[in-house]
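The values are calculated or read from the model by the stated rules, or taken from the named source; none is laboratory data. Please read these numbers as outputs of a predicted model, since none were measured by experiment. A quick note on method: Cβ atoms are made from the backbone with ideal geometry, for glycine too, and the neighbour counts reach across all protein chains shown. The accessibility values were calculated without ligands, DNA or RNA, using every heavy atom of the protein model including side chains. Shrake-Rupley method; radii C 1.70, N 1.55, O 1.52, S 1.80 Å.
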Amino acid sequence: MSQEHFMREALDLARANIQAGGRPFGAVLVYQGQVIARAVNEIHSTQDPTSHAEMQAIRQAAQALGRARLDGAEIYASGHPCPMCLAAMHLCGVERAWFAYDNDEGEPYGLSTAAVYAQMARPPQQQSLPLRPLKPAGEAGLYAQWQQASQA
């Protein structure tokens, strides 16, 4: 199947999600030429703000393959992935991502993530969401403990 075919699947999912009362986002995750996961944005039905189409596809694919790493996978998304989804793609090893609609096209409809990207590009101390280090006195060794446990 072609890249265009996979993208049309993502767009069909997005359109069906609109009809179901959801947002216009669908994603198809492909691994070794096969569709492993199809997903839509489920915020409207789950009340979970992280249930974006790409995140749902990553979760489904990891379950289907039985591993957290998705090295070599591709994602076809109806809309430009947000920073959360892009971070998840990097963390799990997605090799390539494609999108049909750009953030600029969604801006008149309240779907732009440009402000989020701008915030995240700032150093942590300058972001609107405060992110500050706080390690309690006497706390040490968490990562060493994890490394020892993973080698056992």
Provide a single number: the residues in segment 1-30 that are small (Gly, Ala, Ser), assigned to a helix (DSSP H, G or I) and open to solvent by 10 Å² or more (accessible area, probe 1.4 Å). 1
Which condition does residue 54 not pass, out of (1) among the charged types (D, E, K, R); (2) touching a strand residue (DSSP E or B) at 6+ places or on another chain (Cβ under 7 Å); (3) farther than 18 Å from residue 111 by Cβ; (4) touching a residue at least 24 places away in the same chain (Cβ under 8 Å), if it passes all the others? (3)
Inter-residue pairs, beta-carbon under 9 Å, first farther than 10 Å from residue 78 by Cβ and in segment 98-111, second in a loop (DSSP other than H, G, I, E, B) and open to solvent by 60 Å² or more (accessible area, probe 1.4 Å), 6+ apart: 111/23
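Checking the structure you have, find out if any residue of segment 109-122 is modelled with pLDDT under 95 and charged (D, E, K, R).
Checking segment 109-122: at least one residue is modelled with pLDDT under 95 and charged (D, E, K, R).
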Applying the selection to segment 35-85, what residues are closer than 18 Å to residue 12 by Cβ and of a type in the set (Val, Ile, Thr)? 35, 36, 40, 75
In the set 65, 91, 70, the lone residue that is more than 22 Å from residue 2 (Cβ to Cβ), modelled with pLDDT of 95 or more and over 12 Å from the mean Cα position of the chain (by Cα) is 65
